[in-house]
Amino acid sequence: MELQFKSELTISESGFLFDHSTGLTYTLNPTGQFIFRKIQDKENARSILSLVMTEFEVNEETAHKDLDDFVRQLKEFNLVSE
């Protein structure tokens with residue numbers, strides 16, 4: 001999985017994600033903020049999975065579900081392409 005953001009997105013320190021092309025704003029929880037920033041940093045899926053496990057002290061199954069759910073939502077809102 002290599003994701004690229006489709007439009008100019010900005011994230012605030014408090015977790016608000018702003019899509020400059022549509023004017024829409026999204027609220028990210030701490031896990032979403034973390035994953036978003038790792039995608040911005042061009043981390044690969046395996047690396048993000050490992051980093052989520054470490055950062056949030058969760059097992060691989062939980063981290064995988066969180067990552068999959070977040071990526072699914074990014075796709076649903078048409079914010080990323082693969």
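Within segment 8-18, identify whether any single residue is out of contact with any strand residue (DSSP E or B) (no Cβ under 7 Å at 6 or more places or on another chain) and outside any loop (DSSP other than H, G, I, E, B), and answer yes or no.
Quick first cut of segment 8-18, residues out of contact with any strand residue (DSSP E or B) (no Cβ under 7 Å at 6 or more places or on another chain) only: 8, 12-14.
Okay, now just the ones that are also outside any loop (DSSP other than H, G, I, E, B), so none.
No; the residues of segment 8-18 include none that is out of contact with any strand residue (DSSP E or B) (no Cβ under 7 Å at 6 or more places or on another chain) and outside any loop (DSSP other than H, G, I, E, B).
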Inset, instruction - Please go through segment 37-59 and pick out each residue that is of a type in the set (Lys, Arg) and either outside any helix (DSSP H, G or I) or over 19 Å from Leu9 (Cβ atoms) (or both). - result: Lys42, Arg46
Legend entry - Filter result for Thr62 (part of a helix (DSSP H, G or I), modelled with pLDDT of 95 or more and within 13 Å of the chain's Cα centre (by Cα)): no
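Restricted to segment 1-30, and to residues that are of a type in the set (Gly, Ala, Ser) and surrounded by fewer than 11 Cβ atoms within 10 Å (Cβ to Cβ), which residue is nearest to Leu74 (Cα to Cα)?
Taking segment 1-30 and keeping what is of a type in the set (Gly, Ala, Ser), we get 7, 12, 14-15, 21, 23.
Narrowing further to those that are surrounded by fewer than 11 Cβ atoms within 10 Å (Cβ to Cβ): 14, 23.
On the way: Ser14: 18, Gly23: 16 Å.
Only one residue tops the list, namely Gly23.
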Legend entry - Among residues of segment 60-82, those that are farther than 14 Å from Leu9 by Cβ and among the hydroxyl-bearing types (Ser, Thr, Tyr), counted: 1
Inset, instruction - Look through Phe70, Phe34 and report the one residue that is touching a Gly at 6+ places or on another chain (Cβ under 6 Å) and part of a helix (DSSP H, G or I). - result: Phe70
Inset, instruction - With the checklist (1) loosely packed, with under 12 Cβ neighbours inside 10 Å; (2) out of contact with any helix residue (DSSP H, G or I) (no Cβ under 9 Å at 6 or more places or on another chain); (3) polar (S, T, N, Q) in hand, flag the one item Gln33 doesn't pass. - result: (1)
Inset, instruction - Go through segment 43-82 and give me each residue that's in contact (Cβ under 8 Å) with a residue 12 or more places away in the chain and loosely packed, with under 12 Cβ neighbours inside 10 Å. - result: Ser81, Glu82
Legend entry - Selection from segment 43-59 of residues that are more than 12 Å from the chain's Cα centre (by Cα) and either closer than 13 Å to Gly32 by Cα or among the hydroxyl-bearing types (Ser, Thr, Tyr) (or both): Ser47, Ser50, Leu51, Thr54, Glu55, Phe56
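The values are calculated or read from the model by the stated rules, or taken from the named source; none is laboratory data. As the structure is a computational prediction, the values presented were derived from the model and not from experiment. Virtual Cβ from ideal backbone geometry, glycine too; neighbours counted across all protein chains shown.
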